[in-house]
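Since the structure comes first, as structure tokens, the remarks are kept for the end.
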Amino acid sequence: MSTKGQLYVGIIIICTLIATIGCKKSNGDQPLYDITKTVVDDSAMVVTAHPEATRIGLEILKAGGNAVDASIAVQMALAVCYPVAGNIGGGGFMIYRDNMGNAYSLDYREKAPSAAFPDMYLDSLKNPIDKLSTKGHLAAGVPGTVDGMYRAFQRFSKLKDWKRLIQPAIDLAENGYKVTERQAGAYNRYQDDFKKYNTQDHAFTGEWEKGQLLIQKNLAETLKRIRDNGRDGFYTGKTAELLVAEMNRGNGMITLEDLQNYESKWRDPIKTTYRGHTVISMPPPSSGGIALSQLLSMVEPYNLRQMGFQSPESVHLIVEAERRVYADRAEYLGDPDFFSVPIDTLTSKYYTASRMADFNKEKASVSDSTEAGVIESEETTHYSILDPYGNAVSMTTTLNGGFGSTTIVGGGGFFLNNEMDDFSIKPGVPNMFGLVGAEANKVEAGKRMLSSMTPSIVEKDGSLYIVVGTPGGSTIITSVFQTIINIIDYDMSATEAVQAPRFHSQWLPDMIFHEDDALSEETRMALSEMGHELSQRGKIGKVEAILVSEGGKVVEGAADIRADDDAKGF
Ligand code: GLY
């Protein structure tokens with residue numbers, strides 16, 4: 001690595017240590033949780049957004065469960081202890097690679113209700129109605145999480161004990177957990193929305209403080225129905241009735257039939273090669289796998305290491321690749337059950353080379369930025385799990401925005417997603433992530449909305465190498481991309497790669513967003529001279545990564561220092 005790169009890495013390690021120690025302090029008292037940001041172990045690893053979820057995942061592995069068992073328990077735990085994004089009222093994507101090298105992807109993305117139609121969020125003049133696709137009942141798609149978890153359980157569970165996987169989340173909901181400072185802040189910030197979009201009593205009311213116990217009785221009862229009845233505990237019977245009753249309180253569209261008919265799906269993962277590695281990621285209805293594959297292929301002909309870490313040359317190259325990839329995303333990507341996505345073409349090296357044919361090393365090209373959008377809340381959550389048998393899960397799950405629609409199912413205790421905003425509600429009009437879309441991603445009954453979630457697994461010499469993913473809306477793709485090149489091109493450890501500062505660009509708005517410590521002053525000036533516009537913003541992503549090296553003997557887990565994320569292994 002270059003001297004500049006080494007300097008960065010030194011700073012990163014110091015920041016990591018400070019952040020880790022910081023997480024353990026609680027107003028100078030006892031730490032709330034034992035949070036670890038970096039851990040090296042020899043066998044198993046769980047990296048999640050919350051220490052309670054990490055603990056539960058690890059317990060399942062220690063009880064003999066495999067990575068899929070642990071991922072189901074973690075999904076349910078996050079619905080309790082990380083309600084801003086963890087969920088049973090949302091959806092997500094799983095990449096599973098078993099120890100024989102077989103890779104699978106599970107799509108448990110939400111679907112539009114059967115009554116949905118293309119113009120449902122537009123007024124009579126065909127203009128988007130403010131917040132209709134982002135807040136309240138009409139923003140919710142039919143949840144996919146419980147069906148997805150049950151499907152994964154039926155096919156791959158080693159423990160073969162569904163109840164054992166759900167019980168820890170029930171205990172957590174019944175006995176409560178101590179909210180972290182970040183969580184208390186979020187619960188307080190969202191009080192107005194909670195009031196506005198809910199009429200029933202719920203657990204989140206009030207003024208929250210760090211260390212306060214959050215008990216969720218209604219959620220515990222819902223989880224018990226799921227524990228006792230599997231998918232039917234959510235999609236039929238009391239939970240379904242509570243959800244539909246909630247819909248009726250706020251003009252929502254989800255019906256009992258929509259719930260009964262929901263099905264998650266196994267799909268063929270996207271696979272690409274990058275400098276001799278194989279990268280496995282999520283196919284449509286996520287754009288993540290295709291976009292990641294395109295980005296890697298577009299930069300592969302160039303020597304990133306020689307260009308330097310976050311040098312003007314490397315950032316310019318990456319941003320120009322991102323411009324082309326996000327333009328393709330807007331035009332060609334949508335639910336493959338409704339729109340014929342040209343996957344083979346988009347991911348062919350021939351195509352990506354032709355897209356970069358007009359790349360000018362000295363000068364930024366221009367996106368048509370007339371519809372530039374604003375990037376808002378990016379709450380999703382990712383976790384990475386490796387079991388002692390060598391099976392790995394990379395899982396990204398979400399309600400979309402923070403607490404989704406902010407509507408909680410009355411009596412059910414769980415938040416509903418606002419995933420309908422991930423459709424293109426009007427061609428060319430940006431969604432909450434500033435992403436534009438067209439025909440491929442228009443609202444249609446029963447369709448899945450396009451996602452950016454990019455749970456990924458990388459192989460080296462045919463063996464498991466990296467398990468990686470992150471939340472971050474449209475920035476998910478570029479954060480996963482940067483973590484992979486940090487490891488492969490810049491020789492970083494998992495911890496260095498995850499904690500390294502990040503930047504993001506996405507065609508529209510025509511802008512390079514960067515964290516305050518990303519891109520040196522020199523680099524920023526050089527990029528401006530090339531014609532790029534830059535904008536400093538808050539943290540980008542919360543990456544959870546596992547790196548397996550030395551023939552599988554050394555396993556490094558890295559939890560992002562940007563939040564309460566926790567890595568533990570054994
Ligand atoms: N809701 C964010 C995504 O799926 O990309």
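Please treat every number below as a calculation from the coordinates, not as lab data. This one's a predicted model, so the numbers in the text were calculated from it and none came from an experiment. Methodologically, a virtual Cβ is constructed for each residue, glycine included, from the backbone with ideal geometry; neighbour enumeration extends over all protein chains shown.
For the chain, the Kirkwood hydrodynamic radius from C-alpha pairs, put into Stokes-Einstein at 10 °C and a viscosity of 1.306 mPa s, yields a diffusion coefficient of 68 µm² per second.
Only helical runs count toward this figure. For the chain, summing -39,500 (n - 2.57) over DSSP H runs of n ≥ 4 and dividing by all residues gives -11000 deg cm²/dmol at 222 nm. Cross-link partners of Lys195 among lysines, defined as those whose alpha carbon lies under 21 angstrom from its own and excluding same-chain residues fewer than eight positions apart: Lys131, Lys135, Lys217.
Our coupling estimate for the stretch 338-352, obtained by passing each phi through the Karplus curve with A = 6.51, B = -1.76, C = 1.60 and θ = phi - 60°, is 10, 9, 7, 7, x, 4, 5, 5, 4, 9, 7, 5, 5, 5, 5 Hz, Gly and Pro reported as x.
Summing +1 for each Lys or Arg and -1 for each Asp or Glu among the other residues whose beta-carbon sits under 13 angstrom from that of Glu322 gives +2. What lysines could a cross-link reach from Lys210, if we take a straight Cα to Cα line under 16 Å and drop same-chain neighbours fewer than 8 places away? Cα-Cα hits under 16 Å: Lys24, Lys25, Lys178. Straight-line cross-link partners of Lys361 among the aspartates and glutamates, defined as a Cα under 18 Å from its Cα and at least 8 positions apart when in the same chain: Glu300, Glu313, Glu320, Glu322, Asp510, Glu522, Glu529, Glu533. Can you give the log10 of the normalised intensity I(q)/I(0) at q = 0.12 Å⁻¹, computed with Debye over equal Cα scatterers of the stretch 308-373? Normalising to I(0) and taking log10 leaves -0.40.
Legend: distances between Cα atoms for Lys163/Lys426; Lys349/Lys442; Lys196/Lys265; pairs beyond 32 Å are Lys163/Lys426; Lys196/Lys265.
Ranked by how many other Cβ atoms sit within 10 Å of their own Cβ, fewest first, the residues Val74, Val146 fall in the order Val146, Val74.
By the Kirkwood approach, averaging reciprocal distances over each pair of separate Cα atoms, the stretch 158-200 gets a hydrodynamic radius of 13.1 Å. Legend: ranking of residues Glu496, Glu439, Glu444 from fewest to most surrounding C-beta atoms inside 10 Å; resulting order Glu439, Glu444, Glu496. Close amide H pairs (under 5 Å, H built 1.01 Å from N) link Ser286 with Ser451, residues at least 5 positions away or on another chain.
What's the center-to-center distance, using Cα atoms, between the stretch 506-530 and the stretch 394-459 in Å? When both Cα centres are located, 28 Å separates them.
Each 10 Å bin from zero holds the following percent of Cα-Cα pairs in the stretch 446-492: 25, 45, 22, 7, 1.
Across the chain, the mean sequence separation of Cα contacts (distance under 8 Å, 6 or more residues apart), normalised by length, yields a relative contact order of 25 percent. Quick check on the stretch 200-339: take the gyration tensor over C-alpha atoms, sort the square-rooted eigenvalues as a ≥ b ≥ c, and tell me if it's rounded (a/c under 1.5), prolate or oblate. In terms of gyration-tensor shape, prolate.
By the gyration tensor of its Cα atoms, with a ≥ b ≥ c the square roots of the eigenvalues, what is the shape of the stretch 113-215: rounded for a/c under 1.5, prolate for a/b over b/c, or oblate? Since a/c reaches 1.5 but b/c is at least a/b, the shape of the stretch 113-215 is classed as oblate.
For the chain, complete DSSP H runs whose alpha carbons reach 24 Å or more along their own long axis and whose mean Kyte-Doolittle score is 0.0 or higher are 3-24.
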